[in-house]
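A short worksheet on the structure shown next.
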Amino acid sequence: MELRKLLKGSLLAGAFVAASATTALAEFPERNIEVIHPWGPGNAMAMSQVVAKAMGEELGTDMPVISLPGAAGTKAQTTAMGKPADGYTVFDGYVAPLVLQPILGNADWNFKDFKPLSAAVANAFAIAGQVGETRWSNFEEMMAYCKDNRGELRYSSGSRNNLPHMVIAKALQSYDCVAQNVPYTQDGNVFKDLGSKVLDFAFVNVGNFRSNPDKVKILLVLSELPSSKKAFHGAPTIGELGVDLGLSNLGPMGWTWWIVNPDTPDDVTEKLRGAMERAMARQDVKDAVEAIGFVPLEWDHTKYEEIVGGVDSQLNSMGNALAWEEEELKKLN
Amino acid sequence: MISSRTLNLATLGFLFAVVVIVFWQIGTDFQEQGIASGGPYDNAASYPRAIAIFIGVLVGLQLVVELLKGKPAAQAVHFERSDLARAGMMLVVFAVYLMVLTTIGYHLATAPMICAIMWICGMRNVLKLVLASVAIATGFAFVFEVFLNVVLPLGIWNIFIPW
Amino acid sequence: MSCCRSASGTSLSRGRCAVIFDFLSAGLDVFLSPIALGLTFAGIVVGLVVGAMPGLGPLMGIILLLPVAIGLPPVAAMGFLIAIFVGGSCGGSISAILLRIPGTPLAAATLYDGYPMAQKGRASDAIGIAITSSAIGGLIGGVVLVFCAPILASFAANFAPPEYAMLAIMGLFAIVVISGGSIIKGLLAGSFGLLISTVGTDSFSTGLRFTFGSHNLLNGFHIVAVVVGLFAISEMAAQMMKRDLLKIPDVKVARPGLHTITLTLKHWVNLIRSSAIGTFFGAIPGAGGVISSFTSYAVAKAAAKPGEVYGEGAEGGVVATESANNSTVGGTLVPTLSLGIPGDASSAMLLGALLILGFIPGPAMFENNPDVVGGIFMVYLASNIFLLVAGILATPLFVYVLRIPKVYLIPSILLLCSIGTFALQASVFDLQIMLVFGLIGILFRSADYPLAPVVIGMILGPILEANLRRSLLISREGYWIFLDRPVSAVLVSINVLLLLAMVYLTVQRMRGAKETALAKAMSAED
């Protein structure tokens, strides 16, 4: 008697499961699409949630953003690559895990290993100094001071070996300036400690600068975009420097292209591309992206190789700046 | 059945093993990565090493306290074998559940796990077992998938409920 | 120093208090809309639920519901999210009290007295006190937020790595104070927590520590997976060993009511002190609610009256931890709103939401958008009042959990822990970590090692190590940096005094124990 009941129950459950499995074969997307984000909770994640929400609306589904920080974004990238290539996992492909970490030898993939959906956003950094600084009045004077006082200055690029660190190290190398990098895990704390004059100079992002423009002095904007120069109140940009750092376009900036597994079926990829392009073209999305201090990017997937390839070759050719800094710091100790 | 001294010694043994792992890793993996020495910028070993030494000292102290206490007369923890077995079986069922979750997915794995634990608890009414386990599994899935947009493990057969 | 002055100490033209009341009245107009009121209340309910569920907490609640919020009018959206933060910071205490499982790491210290209270048949009282303390603590944090935000923020902004390192050491001393039984066992558990927080990528050298080649360990163990494992899995195993699994528990549920407010207010000194500690730790970016609840508990225990036995169901223990972790919410909003620097991960998401809604936090927002600043103040204050109302009304529902037969409760909790932990990072690996820490929890509990110090150790570990190393990198004269900076030097001397006091107390305690043992032995001989 009991066995019969059990059988009946399992049959029912089986039918239920089969029914749901059949519906799974219906048109894409049939369920939520996950966006794997490589950083912890904060502005960048909120930004990705804006794009994901709009893209989800275009697709008629929800797109939850999952934060998987760790090892400069490589944990998220590795995790995302382990998911099935069915279009239900989208990677928030930031420059650090996508291009920089492979160059530094910390990852075994290449940006060409992925299918692009569309460019999403970029964010510009600047190098800022203390307010009321008496030792120098601009970036080049600071570099001259630094060259004469090797190892005396303290600066932070946020995390060690991230994109701002690489760009700053390249700038310092160009001026033969050796300064001690102090790693931080929270960008806000870098800004706070620069404001309270614990650090001599540091990278700052648009968001922190806009909240407290009086707390720091922008010395150099690490971007050539006019919008970035404006966001940092017209401070000089790397294009206006006396030396050529070999960085242009997206090279010195943080950015993300949304990408998927290369084995994702073409029809699914096309649907995702169309939805993302429509989402990125929406004015409400552009407004929200700009409000958070990022720059919306308008390149579609056809420009991926050209744009990202350009950044890849630029960063590749300056890859030794970080190693140079490490060597010089070791010599001082 | 199990004396508190055995449990205490087991815990000290575990903590000692942790200390050994720390030193072993610093001596091998940290060395290879070049992060076992240097200043605060490059030396990732000094802090875990300091804590491991501290733990080591405390383990030693606790061991002395344990041995000095003499043989505890009334401190044995009394559990029936059947009681321990239930807890052990629950852990085994749960471990198996976590192992198969990625492969067969939430919807196939969960109801049997709940059913098994209820069985271990002593429930023998098959109808109640089946109904309750399916209801609990589906109810939680509904709340998390519909209200919180969580994508539960689908397994290799991509099984999900299109709510 | 009165808070009704500007940050620079000069009196504003009309006085800061008048300006604040202008903010509040501007905010009141925006807040008194059905949608803002309704969503703030809804946020409290969502927060209580996500907080009470093991695994999810206020941060996950905010992350999961941020996409819903950003389509709403600004004050309603912020009301919804801030209320989730407030409700979620309190909700964890409910499962801690009823099930001996902290719903969030914030409630780990609430276990000490909340669960023993429930064991003594005072579950409703314990929950009522937790909710009332949370609400009042939150309101105290709110008053500080409203009146002192700029001053407190500029004070907190001067906390640099050396001060953080010294504060972290001070937090570690809490472990010794709260360890009721063996101090060595408490210290061992705390040090174990410090050690497991080193697993993952070292942010200084970028080297990998104790990852054993697993990419899943690149960011170390997720604190929630560890907490749920240690407490929930070990508790479920302990429950399985009981023999009343099929019975409907015969629990008499006392009617909760307004008398819990009176019960809480009796501890007014504790309430104010713990809220002050909580607000302070909240205002320092990166410190957070776990540290404040443990510290408040340690201080309350140290200052206990002779009749109060902490760790065995003292009301003061619940008052201390819960008022502290909710006032921390008000505290974290201080640097978030006035400097644009988030106090913790949850407020980092709130900051993101605020930016998306078109407002740039910082001094300029106070000038340009007084209605939004006032509205946020209002929703924060209101959400604490709503917390009190919703919490007291819903207590019978929560306590009803105790009447569910364990045969249903145990698998449900195991499942809830699994889904809640899985939802954090969509990771089955986190679930396996949860199980491993479950086994460690069983071992520790069976050998009478306290579990809560593992949590505080894990939270303090990264703060301590990173700020020690950061201080040494910044310093040009090695360890002298800790004495060169005035605030750090004060903290160093406090730490030295605390250390001496602890050594003295430990010796006293050991001598006391020896004498008791001797007396016992002698009486046995007699």
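The values are calculated or read from the model by the stated rules, or taken from the named source; none is laboratory data. Owing to the predicted nature of the structure, the values given are computational and were not obtained by experimental measurement. Neighbour counts run over all protein chains shown; Cβ positions are idealised from the backbone, glycine included. These accessible areas exclude ligands, DNA and RNA; they are computed on the full protein's heavy atoms, side chains included. Shrake-Rupley method; radii C 1.70, N 1.55, O 1.52, S 1.80 Å.
Couplings for the stretch C:426-438, taken from phi via the Karplus curve 6.51 cos²θ - 1.76 cosθ + 1.60 with θ = phi - 60°, read 6, 10, 6, 4, 4, 5, 5, 4, 4, 5, 4, 5, x Hz in order; Gly and Pro are left as x. Going from the isolated chain to the complete set of protein chains, the stretch C:208-231 loses at least 10 Å² of heavy-atom accessible area (1.4 Å probe) at C:L208, C:R209, C:F210, C:F212, C:H215, C:N216, C:L218, C:N219. Remark: the C:L500-C:R476 segment gains 5.7 nm on full extension, using 0.36 nm per residue and subtracting the alpha carbon distance.
Distance from the Cα centroid of the stretch A:144-169 to that of the stretch A:284-333 is 17 Å (rounded to whole angstrom).
Using a cut-off of under 14 Å, list every residue of the stretch C:439-467 whose amide N is near the label point 7 Å from the Cα of B:K69 along the Cα-to-beta-carbon line. Correct set: C:444-450. In order along the stretch B:43-55, phi translates into HN-Hα couplings of 8, 8, 9, 5, 5, x, 5, 4, 5, 4, 5, 4, 4 Hz, rounded to whole numbers, per the Karplus curve 6.51 cos²θ - 1.76 cosθ + 1.60 with θ = phi - 60° and x for Gly and Pro. Heavy-atom accessible surface of C:Y449, to the nearest 10 Å², is about 10 Å², with a 1.4 Å probe and all protein chains retained. Distance between the modelled labels on C:K266 and C:E515, one decimal in nanometres: 3.0 nm (7 Å Cα→Cβ projection). Here the Kirkwood formula puts the hydrodynamic radius of chain C at 23.6 Å, using every distinct Cα pair.
Quick one: pull the percentage of alpha-carbon pairs in the stretch C:47-135 with a separation above 15 Å. Here the long-distance tail beyond 15 Å is 55 percent of all Cα pairs in the stretch C:47-135. Principal-axis analysis of the Cα atoms of chain A puts helix A:266-281 at an angle of about 50° to the longest axis. Against chain B, whose longest principal axis is taken from its Cα atoms, helix B:81-104 shows a tilt of about 70°. Using θ = phi - 60° in the Karplus curve 6.51 cos²θ - 1.76 cosθ + 1.60, the 3J(HN,Hα) couplings for the stretch A:248-262 round to 9, 6, 7, x, x, 9, x, 7, 9, 10, 7, 9, 10, 4, x Hz; x is entered for Gly and Pro. In a simple Cβ point-charge model (Lys, Arg +1; Asp, Glu -1; nothing else charged), the stretch C:16-484 has a dipole of about 1080 debye relative to its Cα centre.
Spacing of the modelled spin labels on B:E32 and C:S214, each 7 Å from Cα toward Cβ, amounts to 1.7 nm.
Working from the alpha-carbon coordinates of the stretch C:354-466, get Rg over Rh, Rh being the Kirkwood radius.
Rounded to two decimals, Rg/Rh equals 1.12.
The B:E80 and C:L32 beta-carbon pair, evaluated with R₀ = 60 Å, returns a calculated FRET efficiency of approximately 0.45.
Each of C:L355, C:G213, C:V454 was scored by the projection of its Cα onto the charge dipole of the protein assembly as shown, and the greatest displacement toward the positive side belongs to C:V454; charges sit on the C-beta of Lys, Arg, Asp and Glu.
Using the Cα centre of the protein assembly as shown as the reference point, and only Cβ charges (+1 on K/R, -1 on D/E), how large is the resulting charge dipole? Debye, rounded to the nearest 20.
With only Lys, Arg, Asp and Glu charged at Cβ, the dipole is about 3460 debye.
If R0 is 56 Å, the Cβ-Cβ spacing of B:V100 and A:N249 corresponds to a FRET efficiency of close to 0.70.
Projecting the Cα positions of A:L329, C:L415, C:I341 onto the charge dipole of the protein assembly as shown (unit charges on Cβ atoms of Lys, Arg, Asp and Glu, taken about the Cα centre) puts C:L415 furthest along the positive direction.
For the pair A and C, the buried accessible area comes to roughly 3800 Å² in total, with a 1.4 Å probe and the value rounded to the nearest 100. At a probe radius of 1.4 angstrom, the accessible area of the stretch B:4-68 per residue rounds to 46 square angstrom. If one computes the Cα centroid of the stretch C:130-207 and of the stretch A:237-264, what distance in Å separates the two points? Result: 38 Å between the Cα centres.
In the protein assembly as shown, taking the dipole from charged Cβ atoms about the Cα centre, the farthest positive-side position among C:Q508, C:G478, B:L58 is held by C:Q508. Straight-line cross-link reach from A:K215 at under 19 Å between alpha-carbon atoms covers these lysines, not counting any fewer than eight positions away in the same chain: A:K192, A:K197, A:K229, A:K230.
Averaged over the residues of A:284-292, the number of partner chain Cβ atoms lying within 10 Å of the residue Cβ comes to 3.
The Cβ shell under 15 Å around C:V30 holds other residues with a net charge of -3, Lys and Arg each +1, Asp and Glu each -1.
A quarter of the convex hull surface defined by the alpha-carbon atoms of the stretch B:4-68 gives 4.5 nm² as the mean projection.
As a calculated quantity, the FRET efficiency between A:E141 and A:E305 at R0 = 41 Å, using C-beta atoms, amounts to about 0.50.
Projecting label points 7 angstrom from Cα along Cα→Cβ for B:W24 and A:D113 puts them 3.0 nm apart. Only beta bridges with both residues in the protein assembly as shown are counted; by DSSP, about 70 percent of them are antiparallel. For chain A, the alpha carbon positions stretch 90, 43, 35 Å along the principal axes, listed from largest to smallest. Between amide H atoms placed 1.01 Å from N, distances below 5 Å from A:W39 occur with A:L68, all of them 5 or more places distant or on a separate chain. Each Cα pair of the protein assembly as shown feeds into the Kirkwood radius, which the Stokes-Einstein equation turns, at 20 °C and 1.002 mPa s, into a diffusion coefficient of 72 µm²/s.
Charge dipole (Cα centre; +1 on Lys/Arg Cβ, -1 on Asp/Glu Cβ; no other charges) of chain A amounts to roughly 900 debye.
Seen against the Cα atoms of chain A and their longest principal axis, helix A:320-332 is set at about 50 degrees.
When ligands, DNA and RNA are left out and all protein chains stay put, how many square angstrom of accessible area per residue does chain A have with a 1.4 Å probe? Averaged over the residues of chain A, the accessible area is 37 Å². Entry note: the stretch C:194-297 has Rg to Rh equal to 1.14, where both radii use alpha-carbon atoms and Rh is the Kirkwood radius. Taking the Kirkwood radius as Rh and the Cα radius of gyration as Rg, the stretch B:81-147 has a ratio of Rg/Rh equal to 1.01.
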